[in-house]
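The values are calculated or read from the model by the stated rules, or taken from the named source; none is laboratory data. Just so it is clear, the structure is predicted and the values come from calculations on it, not from any experiment. All Cβ positions, glycine included, derive from the backbone under ideal geometry; neighbour counts span all protein chains shown. These accessible areas exclude ligands, DNA and RNA; they are computed on the full protein's heavy atoms, side chains included. Shrake-Rupley method; radii C 1.70, N 1.55, O 1.52, S 1.80 Å.
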Amino acid sequence: MKLSVPGRVTPAAIITAVTLLTTGAISGAAPAPTIAAPTAAAAAPDIPVANVKGHLAQLQSIATANGGNRAHGRTGYKASVDYVKAKLDAAGFTTVLQQFTSSGRTGYNLIADWPGGDTGHVVMAGSHLDSVTAGPGINDNGSGSAAVLETALAVSRAQYQPTRHLRFAWWGAEELGMVGSKYYVNSLSSANRAKISDYLNFDMIGSPNPGYFVYDDDPTIEKTFKDYFAGLGIATEPETEGDGRSDHSPFKNVGIPVGGLFSGADYIKTAAQAAKWGGTSGQAFDRCYHASCDTSSNINDTALNRNADALAYAVWGLSS
Ligand code: DTR
Ligand code: ZN
Ligand code: ZN
């Protein structure tokens, strides 16, 4: 389901500005500039969950062909990066592979910029692309990586021209302690850090016994996501497992507004949660967390679909 979303500069704000200027409420030496008539913020497109699942199938195949995992420093991780990068290059993104070393192995962050928009105000969406060594990591975190990828491809399909600049990222070595995202943030000058207005993180968004958790960090980002789910009649809960649990943490630690979505890991779904979200109480949100069974069958399509659409809603809403 798609919902239109007001951008940060609302039509009401534009009307107010026009009124102030044309009534002389605020005097300007030069004649009042012509301000474009207010236009509705661009509405986010539906993200086809079939496309997201197609990316997950590719990541599963990559793991199967590379020793059963997509872990940092293994061939399966670099093959995952190459897959995502090829899609983005073909779609017109400017991509950069950022290389780093961790635990004696080479890691990679993939950064993709969509040309255009105000580079002084950057909206970022990211996810870690690496798995643990125990398995293919399809929910953790193929789900986030595939949804971020398909949202980026939707930007290209729409030839979306956002007011703010869009940047997408796939992090390496999150499972070793958010190594890739820390490396990226540490590599930014303070001036470039200040240009990032929002960082949105997506780590496990297709859990088989899903919850609907919204990071309770930046209130504007949190409200954007909660508004989306309210439109679906879904009551979300704040993600309170604490900071330091995923790639939003390095951004938050330097003062960048962060937010994100989470469908749950090894914690147990309560009866109250099952009553509002469905699924099975007394069972983990993801019984295959960090296990070999985190395969293509370890995904709830409804949760993946809803979270991917919420991702697009926030990207459009925060950048338009
Ligand atoms: N640490 C992440 C999974 C994870 C566990 N709790 C949270 C809360 C918010 C985001 C992610 C997570 C991992 O294993 O990749
Ligand atoms: Zn993990
Ligand atoms: Zn993860």
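Quick rundown of the values:
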{"quantity": "Environment charge of residue 70, counting only residues whose C-beta is closer than 15 Å and scoring Lys/Arg +1, Asp/Glu -1", "calculated": "-3"}
{"quantity": "Accessible area of residue 121 in the full protein assembly, 1.4 Å probe (Å², nearest 10)", "calculated": "80 Å²"}
{"quantity": "Unit Cα scatterers, Debye sum, region 252-320: log10 I(q)/I(0) for q = 0.24 Å⁻¹", "calculated": "-1.10"}
{"quantity": "Point-to-point label distance, residue 193-residue 272, nm (Cα→Cβ direction, 7 Å offset)", "calculated": "3.8 nm"}
{"quantity": "Environment charge at residue 269 (Cβ cut-off 15 Å; Lys +1, Arg +1, Asp -1, Glu -1)", "calculated": "-3"}
{"quantity": "Cα shape, region 109-183, gyration tensor, a/c 1.5 rule", "calculated": "oblate"}
{"quantity": "Amide H contacts under 5 Å for residue 258, placed H, 5+ residues apart", "calculated": "199, 218"}
{"quantity": "Over region 123-252: Rg over Rh, Cα atoms, Kirkwood Rh", "calculated": "0.95"}
{"quantity": "Karplus-derived HN-Hα couplings along region 132-144 (A = 6.51, B = -1.76, C = 1.60, θ = phi - 60°), whole Hz, x at Gly and Pro", "calculated": "6, 6, 6, x, x, x, 6, 7, 10, 9, x, 4, x"}
{"quantity": "Whole-Å semi-axes of the ellipsoid equivalent to region 198-320 (Cα gyration tensor, √5λ, descending)", "calculated": "23, 17, 13"}
{"quantity": "Heavy atoms of residue 52: accessible area, 1.4 Å probe, square angstrom to 10", "calculated": "0 Å²"}
{"quantity": "Relative contact order (%) - the chain, alpha-carbon pairs under 8 angstrom, separation at least six", "calculated": "23 percent"}
{"quantity": "Convex hull of Cα atoms in region 173-240, direction-averaged projection (nm²)", "calculated": "6.0 nm²"}
{"quantity": "Pairwise FRET efficiency - residue 158 versus residue 254, Cβ, R0 = 25 Å, nearest 0.05", "calculated": "0.20"}
{"quantity": "Non-local Lys pairs in the chain, i.e. 8 or more apart or on different chains, that have alpha carbons under 26 Å apart", "calculated": "27"}
{"quantity": "List 75, 220, ordered by accessible area with a 1.4 Å probe, largest first", "calculated": "75, 220"}
{"quantity": "Three principal axis lengths of the chain [C-alpha, angstrom, descending]", "calculated": "69, 45, 34"}
{"quantity": "Computed [θ] at 222 nm, helices only, for the chain once each DSSP H run of length n ≥ 4 contributes -39500 (n - 2.57)", "calculated": "-11500 deg cm²/dmol"}
{"quantity": "Under the Karplus curve 6.51 cos²θ - 1.76 cosθ + 1.60, θ = phi - 60°, whole-Hz ³J(HN,Hα) for region 57-70, x wherever Gly or Pro sits", "calculated": "5, 5, 5, 5, 4, 4, 4, 4, 7, 10, x, x, 8, 10"}
{"quantity": "Which of 97, 56 is most accessible, then next, and so on - probe 1.4 Å", "calculated": "97, 56"}
{"quantity": "Relative contact order (%) - criterion: Cα under 8 Å, at least six apart; region: region 92-133", "calculated": "33 percent"}
{"quantity": "Accessible heavy-atom area order of 293, 288, highest first, probe of 1.4 Å", "calculated": "293, 288"}
{"quantity": "Cα pair distances of region 57-139 binned at 5 Å [whole percent]", "calculated": "3, 14, 23, 21, 18, 11, 6, 3, 1"}
{"quantity": "Gain upon complete extension [residue 220, residue 75; 0.36 nm per residue less C-alpha separation]", "calculated": "48.3 nm"}
{"quantity": "Anisotropy class of region 143-189 from Cα gyration tensor, a/c 1.5 cut", "calculated": "oblate"}
